[in-house]
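The values are calculated or read from the model by the stated rules, or taken from the named source; none is laboratory data. Note that the structure is a prediction, hence the values are computed from the model and not measured. Glycine gets a Cβ as well: all are built from the backbone with ideal geometry, and neighbour counts include every protein chain shown.
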């Protein structure tokens with residue numbers, strides 16, 4: 001492991017530990033560097049501020065591989081695992097989402113959008129307006145899934161990840177019936 005990776009890991013762990021003790025907003029760069037035994041220069045060599053460090057944690061621990069290898073057969077299990085990871089570190093994610101929800105939502109929306117775009121490109125592949133329809137559908141579902149996940153986290157993650165994903169899975173399957181109903185009533 002490179003020294004840069006070791007330093008970033010130490011800074012990440014320090015921030016995560018501190019988030020278990022006090023509000024993210026009250027954590028300073030000095031707190032982070034003191035916790036892991038580094039100086040401020042080391043911090044600023046790798047990150048501009050603590051929000052960039054948090055973004056690095058979100059990306060590398062949750063979002064980096066969330067859509068890799070996802071398909072129609074395994075999307076439910078992959079997203080269920082994503083929520084389980086969040087719930088295992090509930091205090092960290094609840095703490096940081098209170099003050100930095102936009103960073104989390106940006107990554108979540110981007111990940112969901114890539115996933116849905118791939119699914120909808122496949123689904124509407126035979127239509128002439130494939131890209132316009134797929135993008136609109138992906139936007140719509142990404143906003144919905146992001147809202148559900150963010151609301152679940154903001155509410156304290158009391159509902160199990162499996163229960164949340166089961167509701168989303170049921171919605172996905174019910175859309176077939178909803179679509180048939182719309183077509184029949186046009």
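Counting only residues that are closer than 19 Å to residue 97 by Cβ and touching a residue at least 12 places away in the same chain (Cβ under 8 Å), how many does segment 15-40 have? Residues that pass the stated criteria total 11. Across segment 28-47, a minimum of one residue is classified as closer than 18 Å to residue 104 by Cα and at pLDDT 95 or above. The single condition among (1) more than 30 Å from residue 133 (Cα to Cα); (2) loosely packed, with under 15 Cβ neighbours inside 10 Å; (3) in the same structural domain as residue 150 (by TED's automatic domain parsing) that residue 34 does not satisfy is (3). Among the candidates 157, 165, the residue that is within 27 Å of residue 20 (Cβ to Cβ), part of a loop (DSSP other than H, G, I, E, B) and outside the structural domain of residue 22 (by TED's automatic domain parsing) is uniquely 157. The residues of segment 67-90 that are within 12 Å of the chain's Cα centre (by Cα) and in a loop (DSSP other than H, G, I, E, B) amount to a single one, 67.
Can you tell me which of (1) over 30 Å from residue 5 (Cα atoms); (2) out of contact with any helix residue (DSSP H, G or I) (no Cβ under 6 Å at 6 or more places or on another chain); (3) modelled with pLDDT of 90 or more is the one residue 119 doesn't meet? With (1) over 30 Å from residue 5 (Cα atoms); (2) out of contact with any helix residue (DSSP H, G or I) (no Cβ under 6 Å at 6 or more places or on another chain); (3) modelled with pLDDT of 90 or more applied to residue 119, the lone miss is (3). Out of 25, 52, one residue alone is over 24 Å from residue 6 (Cα atoms) and not assigned by TED's automatic domain parsing to the domain that holds residue 144. It is 25.
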